[in-house]
1. Which of the residues that make up the range B:148-203 are charged (D, E, K, R) and out of contact with any Lys or Arg (no Cβ under 6 Å at 6 or more places or on another chain)?
2. Could you tell me whether B:LEU53 is facing chain A (nearest Cβ under 9 Å) and closer than 17 Å to B:ALA231 by Cα?
3. Among the residues of the range B:6-37, write down those that are in contact (Cβ under 8 Å) with a residue 12 or more places away in the chain and more than 24 Å from the chain's Cα centre (by Cα).
4. Any residue at all in the range B:62-71 that's part of a loop (DSSP other than H, G, I, E, B), open to solvent by 10 Å² or more (accessible area, probe 1.4 Å) and under 28 Å from B:GLY261 (Cα atoms)?
5. Can you confirm whether the range A:126-135 contains a residue that is on the phi > 0 side of the Ramachandran plot, open to solvent by less than 40 Å² (accessible area, probe 1.4 Å) and outside any helix (DSSP H, G or I)?
6. For A:SER291, state whether it is more than 26 Å from A:ILE197 (Cβ to Cβ), assigned to a loop (DSSP other than H, G, I, E, B) and either assigned by TED's automatic domain parsing to the domain that holds A:GLY80 or in contact with a Gly (Cβ under 7 Å, 6 or more places away or on another chain) (or both).
7. Scan the range B:275-312 for residues that are touching a residue at least 60 places away in the same chain (Cβ under 8 Å) and of a type in the set (A, V, I, L, M) and jot them down.
2 protein chains.
Amino acid sequence: MFSKRLKELKPYIPGEQPGDANYIKLNTNENPFGPSPRVKDILNTFDPENLRLYPDPLFKNLRSKLADKYGLLPNQVFAGNGSDEVLSFVFFAFFDTLNGNLIFPEHTYSFYPVYCDFYGISYQKIPLKSDFSIDINSFLKTHEIAGLIFPNPNAPTGILMPLKEVEDLIQRFPKDRLVVIDEAYIDFGGQSAVPLIDKYNNLLVIKTFSKSMSLAGIRLGYALGNEKLIAALFAVKDSFNSYPIDTLTLKIAEAAVSDMGYYDKINKKIIQNRKKLTLDLEQKGWNVLPSSANFIFTRKEGLSGSHVYKKFKEKGILVRHFNHDGIKDFVRITIGTDEMMESFMSVLKTEF
Amino acid sequence: MFSKRLKELKPYIPGEQPGDANYIKLNTNENPFGPSPRVKDILNTFDPENLRLYPDPLFKNLRSKLADKYGLLPNQVFAGNGSDEVLSFVFFAFFDTLNGNLIFPEHTYSFYPVYCDFYGISYQKIPLKSDFSIDINSFLKTHEIAGLIFPNPNAPTGILMPLKEVEDLIQRFPKDRLVVIDEAYIDFGGQSAVPLIDKYNNLLVIKTFSKSMSLAGIRLGYALGNEKLIAALFAVKDSFNSYPIDTLTLKIAEAAVSDMGYYDKINKKIIQNRKKLTLDLEQKGWNVLPSSANFIFTRKEGLSGSHVYKKFKEKGILVRHFNHDGIKDFVRITIGTDEMMESFMSVLKTEF
């Protein structure tokens, strides 16, 4: 009764989402500050009668607002039910094993190999440099590739690739192979590759409302790129689910995009808290990778990551540990409010 | 840059969703009455601060409420971003070309062949009887099948298969092949196959909040069946998108399920309006298939369906026409409010 496809899956395991609110959640890179106050206005004024109708399957209003934000045209914008769905459609549309392997960094978003197994795409992991940064020369010297995907900043390291290096990579990359840059964390101090879109037809940039926009709960992600790439993503969407984004999500996202002043303020505060946490940890002898994201990746000589994770959990704080060779001694810690960071440091000081 | 997979897609074309509200929409089977008033309460009391967090990836509360509604266990319930997404996961998990063709009725939900093309599943369409009802004997005498899917009532015909016949079909069907019954329209006068779930391990029933629950705008569908089938659907979900249902959708759906009295009332009214529309059309010489859904499928001798569609559109009313051999002379008309039905009949009387 079960398909061969099903047996080949190795599902992604998301960070814990405990039902009770007693944990301090520093494990899934959610924004510690709430979304724009304009979201409340939407909830207060929205007429539920509208919910009897299907949403706009083309997301026209949202795409036009996002296009304005980035100086693009609406047909250079695709959107989906979280950047995870957008990524899944990207893997379907562009990465063809007939061309070779998809390449991505050895330590990166662990959903990438899961999509590959889902669609039967072969892949090759490219080792990071010894400082855990991405090695663009290794990307460039790999042959028979179906495409390239990496997050910038990378996760779970938090390390940013400067825009100059990103452009250097795209310039030297085969023109008929797609480069996908997953910019989930770019708003925490990085420079986006979006301005390169009109220059390179083989560049696709993925964004999300879950991190810097503090709207993980509405499930919204989007892709920016050449209009032919976007049209391909619409063809995939229309072969999977005509209406992946619900009406309220569209309205809430449109309101949030109109309030970037608020988001600049909260995300500056996150950058400030990241700097402080990094210094505090270094003072206690922890090694912290240089982060441009809303999390840090850290370890202390002699401690295993799983031990650190368990100790924090006992004390009511969730952090993320990845049981992967090469990063087993690290934990990933989401940047929280002042209060969350103080609780974190206070546990760290007593326990380690 | 584009995959071979992409080139093989034949995307589904959803019914028109015009941006302006000037049309009377009788084309996509939306409920003409709004959702439960409890939805407004949710919007008024929901704290947007919660949206900074990811939703529950297991939808525990909703699954437990749905399980209670149907006398099932929560592990017999899966949910997804609209029944379209749930169906897509079902096609992935259970229909394996290695076993033969997936079978479904010749005239049915036109997304089924689209999913087949998406996942590379071969299929065989089984002709309807001359009265447009489903021929279960044709299903049963087909060999080398990967599984069976059909809507009950069927779309776009609206014709119901009585529960006794459904059980007869399942009983005589190979035990190691899945039977999927898509009950999107069952609440408009049909008898659900859900009570058969504990008896047949190879039965999966699909439901949606888009029709009888009047919540097409929130994107929510679900599947009910044996726990092993449900576990398989979770494995697919976790290989595609960990969080396909957003926080507000979950809350709204939970509130709606708690107000079935309201829904029984509005759906009784739809059944009443369907009866009246059927009589009115028959009086004007139209042939109407016997419908147990919130739409009717109708034609008039000498008129082409595309002509009828165009005439109604000119007068501000959208109906649905399918340009498929065998049903080209039909149009599908969603049952609306008294006022909508009067407008419809008044155009019909002047134009045809």
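The values are calculated or read from the model by the stated rules, or taken from the named source; none is laboratory data. Just so we're clear, the structure is a prediction, and the values are computed from it rather than from any experiment. Note: ideal-geometry Cβ built from the backbone for every residue, glycine included; neighbour counts use all protein chains shown. To get the accessible areas, we keep the full protein, side chains included, count just its heavy atoms, and leave off ligands, DNA and RNA. Shrake-Rupley method; radii C 1.70, N 1.55, O 1.52, S 1.80 Å.
1. To start, the set of residues in the range B:148-203 that are charged (D, E, K, R) comprises B:164-165, B:167-168, B:172, B:175-177, B:182-183, B:187, B:198-199.
Of everything in the range B:148-203, those that are charged (D, E, K, R) and out of contact with any Lys or Arg (no Cβ under 6 Å at 6 or more places or on another chain) turn out to be B:LYS164, B:GLU165, B:GLU167, B:ASP168, B:ARG172, B:LYS175, B:ASP176, B:ARG177, B:ASP182, B:ASP187, B:ASP198, B:LYS199.
2. No; evaluated as a whole, the condition is false for this residue.
3. B:GLU8, B:ASN22, listed by residue number.
4. Checked against the condition, which is being part of a loop (DSSP other than H, G, I, E, B), open to solvent by 10 Å² or more (accessible area, probe 1.4 Å) and under 28 Å from B:GLY261 (Cα atoms), the range B:62-71 yields at least one hit.
5. Taking the range A:126-135 first, the residues on the phi > 0 side of the Ramachandran plot are A:132.
Still in the running and open to solvent by less than 40 Å² (accessible area, probe 1.4 Å): A:132.
Add one more test, that the residue is outside any helix (DSSP H, G or I), and what stays is A:132.
Yes; the residues of the range A:126-135 include at least one that is on the phi > 0 side of the Ramachandran plot, open to solvent by less than 40 Å² (accessible area, probe 1.4 Å) and outside any helix (DSSP H, G or I).
6. no
7. B:LEU277, B:LEU281, B:LEU289, B:ALA293, B:ILE296
Residue-wise test of (1) in contact with a Cys (Cβ under 7 Å, 6 or more places away or on another chain); (2) of a type outside the set (A, V, I, L, M).
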| site | (1), (2) |
| --- | --- |
| B:PRO74 | no, yes |
| B:PHE78 | no, yes |
| B:ASN81 | no, yes |
| B:THR97 | no, yes |
| B:LEU102 | yes, no |
| B:TYR123 | yes, yes |
